[in-house]
Amino acid sequence: MLRGASVGLRSRRESDVAVLHAELYDDIVTRSRADTRPWRPIAAESSPFRVVEPSDEFDAFSVVELATEELAGAAVLWNIDGHNRSAHLGLSLRPAFRGRGLGTDVVRVLCEYGFTTRGMYRLQLETLADNAAMIRAATQNGFVREGTLRNSAWVLGEFVDQVVFGLLVSEWKALLPPDPA
């Protein structure tokens, strides 16, 4: 398990799928705001949260709150490009775990994994322009706002803006505490 201050990222378990599907996919508003693909009614067996084989282009994690060991949500490193050493990251927390600062820690752990374990040079995330929680999690982890994609996301019957954030490995390293050795 990858550990942060308050969350752990671990491999997805079959027992996670029904919970994540019910709370993060079947909640149409949450899913429509979190994914560029349209929501469609699908069974848990076909869920985007199902357990899948490892891939060079996609790493899926379940988020666990360390204090309670409860399943808190899902996190991904996706569109992993080994040649350009870049990847995108994303996360979604179950409703009961939102507003507690866990997202900032999830982003921190994803950065550690992406830069240290996967050897990425650049990490990127896109979020809706009104997603204050994700914007805060990104900026608190050193991500730089690189632009706005105007009216680029069709969400619940209207086009809305997305914002793009990027973080380079050198910027991330500059944020790390100095080595005591």
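The values are calculated or read from the model by the stated rules, or taken from the named source; none is laboratory data. Every value quoted in this text rests on a predicted model; they were computed, and no experiment measured them. Ideal geometry is used to build each Cβ from the backbone, glycine not excepted, and the neighbour counts take in all protein chains shown. All accessible areas refer to the heavy atoms of the entire protein, side chains included, with ligands and DNA or RNA removed. Shrake-Rupley method; radii C 1.70, N 1.55, O 1.52, S 1.80 Å.
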Using Cα pairs closer than 8 Å and at least 6 residues apart in sequence, work out the relative contact order for the stretch 61-155, in percent.
-> 23 percent
Go through Asp56, Asp27 and list them by solvent-accessible area, largest first, probe radius 1.4 Å.
-> Asp56, Asp27
Env charge @ Ser62, Cβ radius under 9 Å, K,R +1 / D,E -1, value +2
Dividing the alpha-carbon radius of gyration of the chain by 2.2 N^0.38 Å (N being the number of residues), what value is obtained?
-> 1.01
Between the stretch 1-62 and the stretch 137-181, the Cα center-to-center distance that results, in Å | 21 Å
Taking 7 Å along the Cα-to-C-beta vector as the label spot, tell me the Ala133-Glu57 distance in nanometres, rounded to one decimal.
-> 2.9 nm
Choose one answer from Phe115, Phe159, Phe49: the residue with the largest mean-square fluctuation in a GNM of the chain with alpha-carbon springs under 10 Å.
-> Phe159
Which value at 222 nm does the chain reach when only helices count, each DSSP H run of 4 or more adding -39,500 (n - 2.57), with the total divided by all residues and rounded to the nearest 500 deg cm²/dmol?
-> -6000 deg cm²/dmol
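Ignoring ligands, DNA and RNA, please state the percent of accessible area on the chain from carbon and sulfur, probe 1.4 Å.
Its accessible area is 52 percent carbon and sulfur atoms.
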Other-chain or far-sequence residues with amide H under 5 Å of Arg12's (modelled H) | Ser62
Given a 1.4 Å probe, the accessible area of the chain per residue, as a whole number of Å², is 55 Å²
Mean Cα-pair separation over length for the chain, i.e. relative contact order, pairs under 8 Å, 6 or more apart, % = 18 percent
Taking amide hydrogens as modeled 1.01 Å from N in the peptide plane, which residues meet the under 5 Å criterion relative to Val7, leaving out close sequence neighbours?
-> Leu66
Local charge sum around Leu20 (other residues, Cβ-Cβ under 15 Å, Lys/Arg +1, Asp/Glu -1)?
-> -2
